[in-house]
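Participant: Shown below is the structure under consideration.
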Ligand SMILES: [Zn+2]
């Protein structure tokens, strides 16, 4: 069978981002609250920041990271660990209420060999899943179909957060 290519031009931003080692995007987000909307920041809390992934595996893909530039759980203190877990719970709730996923993948990649795009600053991935979302496009081509704009989704999640006593900016 002849191999065919599917265009995914938005991937170039991700690939070029990997090459640019000068800036950690989570630290950039932490330091620039005036750009929270552009950076897709959903929540700020004492020790953590929660953002929408600009290169999502699925609609609603959130990243929860400690404010400190640390690589893994070993370097996190108890307060940070607890806050990350509580935010993971809040993220599940906000996504469930907003976009009604059927399930979730929640996890962390440590090290580039394990798939971490930003190995030096740890972050928990919260990825909503729906029955049938692993379709042939995803399975055969490493391409993703995302049906809602990130800006629209950010607004929806903020509204859901404010009406359900979830974290805020
Ligand atoms: Zn960082």
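The values are calculated or read from the model by the stated rules, or taken from the named source; none is laboratory data. Quick caveat, the model's predicted, so the values are computed rather than measured. Reconstructed Cβ throughout: ideal geometry from the backbone, glycine too, with neighbour counts over all protein chains shown.
Participant: Where in segment 16-84 are the strands (runs of 3 or more DSSP E), entirely inside, with at least 2 residues that are within 16 Å of residue 119 (Cα to Cα) and either more than 12 Å from the chain's Cα centre (by Cα) or modelled with pLDDT of 95 or more (or both)?
Facilitator: In segment 16-84, 62-66 are the strands (runs of 3 or more DSSP E) which contain 2 or more residues that are within 16 Å of residue 119 (Cα to Cα) and either more than 12 Å from the chain's Cα centre (by Cα) or modelled with pLDDT of 95 or more (or both).
Participant: Could you tell me which numbered condition residue 126 fails, if it satisfies all but one of (1) surrounded by 14 or more Cβ atoms within 10 Å (Cβ to Cβ); (2) part of a loop (DSSP other than H, G, I, E, B); (3) more than 16 Å from the ligand (Cβ to nearest atom)?
Facilitator: Every listed condition holds for residue 126 apart from (2).
Participant: Only one of (1) touching a helix residue (DSSP H, G or I) at 6+ places or on another chain (Cβ under 6 Å); (2) modelled with pLDDT of 90 or more; (3) more than 26 Å from residue 31 (Cα to Cα); (4) not in a strand (DSSP E or B) fails for residue 94. Which number is that?
Facilitator: (3)
Participant: Taking segment 20-50, which residues are near the ligand (Cβ under 10 Å from one of its atoms) and surrounded by fewer than 17 Cβ atoms within 10 Å (Cβ to Cβ)?
Facilitator: 23, 24, 28, 31
Participant: Among the residues of segment 66-77, are any away from the ligand (no atom under 15 Å from the Cβ) and within 19 Å of residue 33 (Cβ to Cβ)? Quick ask: steps written out before the conclusion?
Facilitator: Within segment 66-77, the first condition is being away from the ligand (no atom under 15 Å from the Cβ), and the residues that meet it are 73-74, 77.
With the extra rule that they be within 19 Å of residue 33 (Cβ to Cβ), the set shrinks to none.
Scanning segment 66-77, I find no residue that is away from the ligand (no atom under 15 Å from the Cβ) and within 19 Å of residue 33 (Cβ to Cβ), so the answer is no.
Participant: Among 91, 76, which is the only one that is closer than 20 Å to residue 130 by Cβ and touching a residue at least 40 places away in the same chain (Cβ under 8 Å)? Working first, answer last.
Facilitator: Numbers: 76 fails: closer than 20 Å to residue 130 by Cβ.
Exactly one residue qualifies, and that residue is 91.
Participant: Specify which of the listed residues (3, 11) is more than 15 Å from residue 118 (Cβ to Cβ), surrounded by 12 or more Cβ atoms within 10 Å (Cβ to Cβ), at pLDDT below 95 and more than 15 Å from the chain's Cα centre (by Cα).
Facilitator: Numbers: 3 fails: surrounded by 12 or more Cβ atoms within 10 Å (Cβ to Cβ).
Exactly one of 3, 11 is more than 15 Å from residue 118 (Cβ to Cβ), surrounded by 12 or more Cβ atoms within 10 Å (Cβ to Cβ), at pLDDT below 95 and more than 15 Å from the chain's Cα centre (by Cα), namely 11.
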